[in-house]
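Heads up: the structure comes next, in structure tokens.
The values are calculated or read from the model by the stated rules, or taken from the named source; none is laboratory data. Being a predicted model, the structure only gives us computed values, none of them experimental. Note that each Cβ is placed from the backbone with ideal geometry, even for glycine, and that neighbours are counted across all protein chains shown.
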């Protein structure tokens, strides 16, 4: 990467271009002014005015009126460059002229000089530009001095009492601009370089990088976003490691059982038909658990990728809940747990009936699994504003507060004693259920009191609320 492609170099170049452009505009404006009003012209006018005041004195006026020869002697003595002196009467008549053979200044210019409207004039005659200065006389009329307009040279402009200080100030301003541009560019680009170094460290697996940098507010915001990204990447990496470890553990247990009983059958260690049936049943149960685990993993992968196709049709929740309880009634009866429903007619919701049935099946099955014998699992439903809420309540041991916030994590199981035992789950059911409910625009919440039981609430938007939301979106568009 070339040095000029860096942000600092580009910022520095930009600041210098702006500073140079401003100085160029100021220099151009001053140049135009100095060309129009060069110091040589200003000095010529000042000298003409000074000589005019001297000649207008009473003692010198008499000599001027003695004729052109005496006037030319006066010009030579005063060192006027190719100068000309005119004495003009009050009515505009030329009393004396040191260069009588030359054309007179324009009549309008002479008249303006006599009226005193101005004292400095410039006119052109014979292709030459002349400067003219008028000094009024006490008796009326005026002493008029004329000389050719001096030429303009670059050295004269640079030596001007206005141009020289400006040139010096411009050099100082340009030097200061370079220093300030370098400092500002470093102030802006420095934090970005540190963020780039931190990003390279993250790319190599080092997530312990400081993301706090100084600088403008925008760069601080970028640093904060970078720090948040690093935290999420770190959490994602940890979740991936945990996921691999949990999947390995969940696969290892049933595979070990299947392998052990299969080897026993192969080696003839199962002597009678009852033992063979028992081994076959265990192999079947463990393979069914593996199938369920694979299906859950596929569901999670589809949900994470947003590729799970959900039907969008009206769902009759009371009827769906009744079907779920009917399917689970046999397992609940074997566990000595009763199933009760208090679900009145509810507004329909839009969603995938099979996936919502999967959610409620998982919640009711978990409640049955954790409920003591002789206790009921109660399913209730009620409308609330533009939502429909279905709750599943049990009378189990409850969930400790420190673990309540983690129950929706993948592979997390509150009852560690059940992990690896009969009737154990994969620890994915609640995670999948929450993803499905959220895909329907709803919420899955959990409440629990240790020793009293737990309640899971599924909140889903009604069909009418979705229609209202769609109308509002169209109105905003």
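For segment 380-402, which positions are more than 15 Å from residue 459 (Cβ to Cβ) and out of contact with any strand residue (DSSP E or B) (no Cβ under 7 Å at 6 or more places or on another chain)? Listed by number, the residues that qualify are 397, 400, 401, 402. Please go through segment 1-28 and give me each residue that is modelled with pLDDT of 70 or more and surrounded by fewer than 11 Cβ atoms within 10 Å (Cβ to Cβ), ordered by number. Residues satisfying the conditions are 21, 25, 28.
Here 64, 110 are screened, and the one residue that is modelled with pLDDT of 65 or more and farther than 30 Å from residue 174 by Cα is 110.
With the condition kept exactly as written, say whether any residue in segment 366-379 is touching a residue at least 60 places away in the same chain (Cβ under 8 Å), touching a strand residue (DSSP E or B) at 6+ places or on another chain (Cβ under 6 Å) and surrounded by fewer than 19 Cβ atoms within 10 Å (Cβ to Cβ). Within segment 366-379, none of the residues are touching a residue at least 60 places away in the same chain (Cβ under 8 Å), touching a strand residue (DSSP E or B) at 6+ places or on another chain (Cβ under 6 Å) and surrounded by fewer than 19 Cβ atoms within 10 Å (Cβ to Cβ). Taken as a whole, the structure leaves residue 140 outside the set of residues that are modelled with pLDDT under 80 and under 23 Å from residue 27 (Cβ atoms).
One residue stands out among those in segment 315-364 that are over 22 Å from residue 376 (Cα atoms), out of contact with any strand residue (DSSP E or B) (no Cβ under 7 Å at 6 or more places or on another chain) and in contact (Cβ under 8 Å) with a residue 40 or more places away in the chain: the one that is surrounded by the most Cβ atoms within 10 Å (Cβ to Cβ), which is 355. When each of 346, 330, 363 is tested for being in a helix (DSSP H, G or I) and touching a helix residue (DSSP H, G or I) at 6+ places or on another chain (Cβ under 7 Å), the lone residue that passes is 363. Inside segment 268-303, residues that are surrounded by 17 or more Cβ atoms within 10 Å (Cβ to Cβ) and free of Cβ contacts under 8 Å to residues at least 12 places away in the same chain make up a count of 1. Only one of the numbered conditions (1) under 45 Å from the mean Cα position of the chain (by Cα); (2) surrounded by 19 or more Cβ atoms within 10 Å (Cβ to Cβ) is not met by residue 383, and that is (2). Determine if segment 237-252 includes at least one residue that is part of a loop (DSSP other than H, G, I, E, B) and farther than 28 Å from residue 21 by Cβ. The answer is no; no qualifying residue exists.
For segment 94-104, filtering for residues that are at pLDDT 80 or above and touching a helix residue (DSSP H, G or I) at 6+ places or on another chain (Cβ under 8 Å) leaves 1.
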